[in-house]
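The next block holds one structure in the form of C-alpha cells; read it before the comments.
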Amino acid sequence: MFERTDEQNHETGTAVMDRLRDESALTMGGETVDQEMTAHVGAGTEFRGVLRFDGTIRIDGKVDGEIHTEGVLLIGRTAVIRATVRARSIVSCGTVIGDMAATEKIALLEPAILKGSVTTPLLSMETGVRFMGSLEVPEPGEEVTAPHHAPAVKAVAGAN
C-alpha cells in the first residue's frame, strides 16, 4: 500500500539525515544529537523484542516489538518499525506501523510513512508524509498514555 518510487525520492539520503538531525536538535533544545546518542540500531540490523533506553536512540534498521525511551527516538529513512513506540519525543523519516505515544512531540519528515494510532500533545508533519491512523491530543496536564484505538483517519500531507 505504501511503496516509495524513485520519483518520490527526489531528495538525497544526506539531505534527509540533515533534516532529521536539525529537527532532533530543535526537539532537544539545541543540543547536538551525536553527543547525546545512547543507542543506534544500524541499517542492516533486525531486532525482535522490547528495546528500553533512557536517552536518545536512532533506528535505521528493522524492529518488531516495542520501543520505550524517556529521551528522543530518531527513526531514519531506511527504518522499518512494526512496534508499539513510546518516547519523550519522536522524529521520523522512516516507516512505522504501530501505535506511537510521545509526551512532548512527534515530528514526521518526508518521506515518512506512519500507519497507526498516535497520542501526543504536538504533531508536525511535512508535505509528502503518508499518515493513516488516528490522532489523540491530550488535554494540557493530562498524562500521555498508549494510544486509544479510535476510528481511522486517512491523510496524506500535501495531497492534491
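Observations on the model:
- Gyration tensor (alpha-carbon) shape descriptor, segment 58-128, a/c threshold 1.5: rounded
- The portion of the accessible surface of segment 47-142 made up by carbon and sulfur, rounded to a whole percent, is 50 (1.4 Å probe; DNA, RNA and ligands excluded).
- Selection among Thr119, Leu74, Thr84 by position relative to the dipole of segment 71-130 gives Thr84 as farthest towards the positive end (Cβ unit charges, Cα centre).
- Backbone geometry of segment 92-109 corresponds, through the Karplus equation with coefficients 6.51, -1.76 and 1.60 at θ = phi - 60°, to 3J(HN,Hα) couplings of 10, 10, x, 9, 10, 10, x, 7, 10, 9, 9, 6, 10, 6, 10, 10, 10, 9 Hz, x marking Gly and Pro.
- Segment 128-139 - phi-based ³J(HN,Hα) in whole Hz, Karplus 6.51/-1.76/1.60, Gly and Pro as x: x, 6, 10, 10, 9, x, 10, 10, 10, 10, x, 5
The values are calculated or read from the model by the stated rules, or taken from the named source; none is laboratory data. Model, not experiment: these values are computed from the prediction. Neighbour counts run over all protein chains shown; Cβ positions are idealised from the backbone, glycine included. All accessible areas refer to the heavy atoms of the entire protein, side chains included, with ligands and DNA or RNA removed. Shrake-Rupley method; radii C 1.70, N 1.55, O 1.52, S 1.80 Å.
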